[in-house]
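> My questions all concern the structure below.
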Amino acid sequence: MDNTTQMKLGINIDHVAVLREARRVNDPDILNALYIACENGADQITIHLREDRRHIQDVDVKNILMHSKLPVNLECSIDKDILNIISDLKPHRVTLVPEKRQEVTTEGGLDVFAYSSEISYAIEQLHDSIIPVSLFVDPTIEAMDVSKELGAEMVELHTGSFANIFAMLNSNLSYSNHSIKELELPRYELQNKLEESLENISNAAIHAKKLGLEVAAGHGLNYHNVSYMMKINEITELNIGQSIIARSVFSGLAEAIKEMKRLTTR
């Protein structure tokens with residue numbers, strides 16, 4: 001019997017807005033990216049409305065919700081002002097994520113232990129607005145248990161650690177200015193770490209599904225490492241952005257999405 005499940009591909013178009021905000025002009029137009037994603041294999045649109053508005057703006061969220069033919073997964077922090085805005089906008093789903101002003105990108109999963117009361121309040125507020133909630137969390141059994149207890153319908157497993165180890169092992173990252181110092185290790189140690197990271201993701205996904213949670217994964221996934229996620233049947237959604245937008249600089253956005261869709265079709 002075939003126990004595989006359909007994989008949903010969410011395209012994160014934040015990085016189109018990053019390019020736009022770099023020059024503070026409306027080029028590239030985020031809506032053009034939306035239309036191309038909708039027409040070339042995306043199953044969902046993912047965006048992140050940050051507290052500092054470094055890329056996606058409030059008007060972008062409104063326009064995307066108005067014009068998207070696909071469900072919109074809106075990532076945000078547990079900040080009360082942000083939650084009030086999003087409760088009114090009513091996206092198809094909200095994914096609660098950690099957020100630090102000084103970070104380049106989200107560096108880890110939401111701390112569901114230290115901020116359980118705040119997260120519980122956020123989930124309750126979003127549920128009052130009839131918005132399903134996913135929690136962006138580190139792939140641990142304990143985080144799955146707490147996510148379920150807090151009332152989330154879904155978890156998104158943070159794959160950043162896996163992606164960093166993979167890149168240090170299988171790319172030229174260690175020779176670049178962006179080498180990850182703590183991962184400058186012998187190759188056999190990196191291989192062991194990679195296997196351990198994958199085991200953690202798989203175990204967390206299996207446990208989450210047993211609890212009745214839907215399971216997504218994201219952060220750092222690209223054309224070279226995404227095949228590892230495809231082997232974990234409990235994961236039914238991937239949210240990928242930076243690598244697709246980076247590839248699109250050379251191949252065009254439509255082709256970049258189509259290629260990722262081919263890699264993520266079971």
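> List the lysines whose alpha-carbon lies under 26 Å from that of residue 181, not counting same-chain residues fewer than 8 positions away?
Counting by Cα, and skipping residues close in sequence, residue 181 has these lysines nearby: 100, 193.
> Got a sec? Charge dipole of the chain, +1 on Cβ for Lys and Arg, -1 for Asp and Glu; which of 19, 164, 137 is way out at the positive end?
About the Cα centre, the residue reaching furthest to the positive side is 19.
> Next question. Work out, in µm²/s and without decimals, the Stokes-Einstein translational diffusion coefficient of the chain at 25 °C, 0.890 mPa s, Rh from Kirkwood over C-alpha pairs. Working shown, then result.
Details: Rh = 18.9 Å.
Rounded to a whole number, D works out at 130 µm²/s.
> What does the helix-only formula give at 222 nm for the chain: each DSSP H stretch with n ≥ 4 adding -39500 (n - 2.57), the total divided by the residues, and the result rounded to the nearest 500 deg cm²/dmol? Before the final figure, lay out the partial values.
Numbers: 11 runs with 124 residues, N = 266.
That calculation yields -14000 deg cm²/dmol at 222 nm.
> Quick one: putting +1 on the C-beta of Lys and Arg, -1 on the C-beta of Asp and Glu, what dipole do you get for the range 8-263 around its Cα centre, in Debye to the nearest 20? Spell out each step's value before the answer.
Numbers: 25 positive and 38 negative charges, 171 e Å.
Here the range 8-263 has a charge dipole of around 820 debye.
> Quick one: which of 145-158, 186-199, 67-80 comes out on top by average Cβ neighbours within 10 Å, and what's the full order, highest first?
My ranking of the peptides, most packed first, is 145-158, 67-80, 186-199.
> For the chain, modelled as a Gaussian network with Cα springs under 10 Å, which listed residue fluctuates most, 176, 248, 116?
Evaluated over the chain, the most mobile residue of the options is 176.
> Another question about this same structure. Please compare each pair in 148/231; 90/210; 8/80; 8/209 to a cut-off of 18 Å on the Cα-Cα distance and tell me which ones are over it.
Working: 148/231 24 Å; 90/210 29 Å; 8/80 30 Å; 8/209 16 Å.
Among 148/231; 90/210; 8/80; 8/209, the Cα-Cα distance tops 18 Å for 148/231; 90/210; 8/80.
> Next question. Select from 232, 250, 74 the residue farthest towards the positive end of the dipole of the chain; place +1 on Cβ of Lys and Arg, -1 on Cβ of Asp and Glu, and compute about the Cα centre.
Toward the positive end, the furthest listed residue is 250.
> Evaluate the relative contact order of the chain (contact order divided by residue number), counting alpha-carbon pairs under 8 angstrom at least 6 apart; express in whole percent. Walk me through the numbers on the way to the answer.
Details: 469 pairs, mean separation 55.4, N = 266.
In percent, rounded to a whole number, it is 21.
> Collect residues whose amide H, placed 1.01 Å from N in the peptide plane, falls under 5 Å from the amide H of residue 134; neighbours closer than 5 in sequence don't count.
Residues meeting the criterion, in which the H sits 1.01 Å from N, are 94, 95, 96.
Every read-out reported here was derived from the displayed coordinates using simple, explicitly stated rules and does not represent laboratory data. Note that this is a predicted model, so its numbers are computed, not measured. Virtual Cβ from ideal backbone geometry, glycine too; neighbours counted across all protein chains shown.
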